[in-house]
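Take a look at the structure below.
The values are calculated or read from the model by the stated rules, or taken from the named source; none is laboratory data. If you're wondering where the values come from, they're calculated on a predicted model, not measured in any experiment. Note that each Cβ is placed from the backbone with ideal geometry, even for glycine, and that neighbours are counted across all protein chains shown.
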Amino acid sequence: MPRARPSAEIVAKILKQGALKSGIQRGQALALWPQIAGPALCELSEAERLEDGVLFVRVADSVVAHQLTYLREEFIRRYQEKLPGMVQELRFQVGAEKKAKPKSKPAALPKLSPEEEAMLHQLAERCPQDLRDVILKAGKAVLQKQKESPYPPCPICAVPSKENPCKPCQKLLAEAAIQREAGRLTRFPLKPRLEGLALSAARYLAQNKLEAQLRDLLPQVIQQPELIAILQDTARRYLQLRTGDKEVRPYRHLLPPALISLLKEV
């Protein structure tokens, strides 16, 4: 069973790799629809929302829906070029959007602890001045949403989910391209070739593979101390993958506990 992570560590992972970036990309997917569909078709259609890799597009009538269905594969291909892994399916819905029923006043969101607030400010200070307010607001919203949910965040997309990883991300993990990239990242953790959720999925698989290698190497090194260099190299790649930094000595505490006392240098 994976260990529970402090909220601050979750926030750092979300802002660096997961929910904030994927949230921005979901907005980009909607904004890109006019370019994807072209000037004529975008006048008759509108991208409404993106859920679990499915882009829902509202169209004027059934004739337009029928025409767009024939172009569905081409639209998905164009999205793959611009936002790899973000849009995996298209669904066309005919007619005007139904009016939503009046909603009751939303409940107050959970408050952040002083430690969580301080972590957000530290992360924002690393960003350009003109983006700090955006990072603070987005980070606060993400963490509040997580605290409100009874489920832990998906380790790939960071969206709270009863299943971990969530079902959409499980499908992503099964893709051959993701698995190939995961194998390459175990060897070259600082040279990714994918982006967005596809990269997060490949990193998740690669991290699991490196953790398994570390567990297998540990008893061998105890019996054969001359293998310590192999263990150090594997631990170094594991930490580079987790942090994205080349210099990993400050991150020894992120190693599995059994390795920390054994590996004085990484």
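How many residues does the stretch 180-195 contain that are crowded, with 20+ Cβ neighbours inside 10 Å and modelled with pLDDT under 95?
1
If we scan the stretch 170-179, do we find a residue that is surrounded by 15 or more Cβ atoms within 10 Å (Cβ to Cβ) and not in a helix (DSSP H, G or I)?
Checking the stretch 170-179: at least one residue is surrounded by 15 or more Cβ atoms within 10 Å (Cβ to Cβ) and not in a helix (DSSP H, G or I).
Being charged (D, E, K, R), under 28 Å from L205 (Cβ atoms) and surrounded by 14 or more Cβ atoms within 10 Å (Cβ to Cβ): is that true of K145 here? So that I can check it myself, show each step before the final result.
On the way: charged (D, E, K, R): yes; under 28 Å from L205 (Cβ atoms): yes; surrounded by 14 or more Cβ atoms within 10 Å (Cβ to Cβ): yes.
Yes, satisfied.
For the stretch 156-215, name all the residues that are of a type in the set (D, E), touching a residue at least 40 places away in the same chain (Cβ under 8 Å) and either over 21 Å from T234 (Cβ atoms) or in contact with a strand residue (DSSP E or B) (Cβ under 9 Å, 6 or more places away or on another chain) (or both).
Residues of the stretch 156-215 of a type in the set (D, E): 163, 175, 181, 195, 211.
Next, only the ones that are touching a residue at least 40 places away in the same chain (Cβ under 8 Å) stay: 195, 211.
Passing the criteria: only E195.
Can you tell me how many residues in the stretch 119-149 are part of a helix (DSSP H, G or I), free of Cβ contacts under 8 Å to residues at least 60 places away in the same chain and of a type outside the set (S, T, N, Q)? Lay out the reasoning, then the answer.
Within the stretch 119-149, the first condition is being part of a helix (DSSP H, G or I), and the residues that meet it are 119-125, 129-148.
Going one step further and asking which of them are free of Cβ contacts under 8 Å to residues at least 60 places away in the same chain, we end up with 121-122, 124-125, 129-134, 136-137, 140-141, 144-145, 148.
Filter once more, keeping what is of a type outside the set (S, T, N, Q): 121, 124-125, 130-134, 136-137, 140-141, 145, 148.
So the count comes out to 14.
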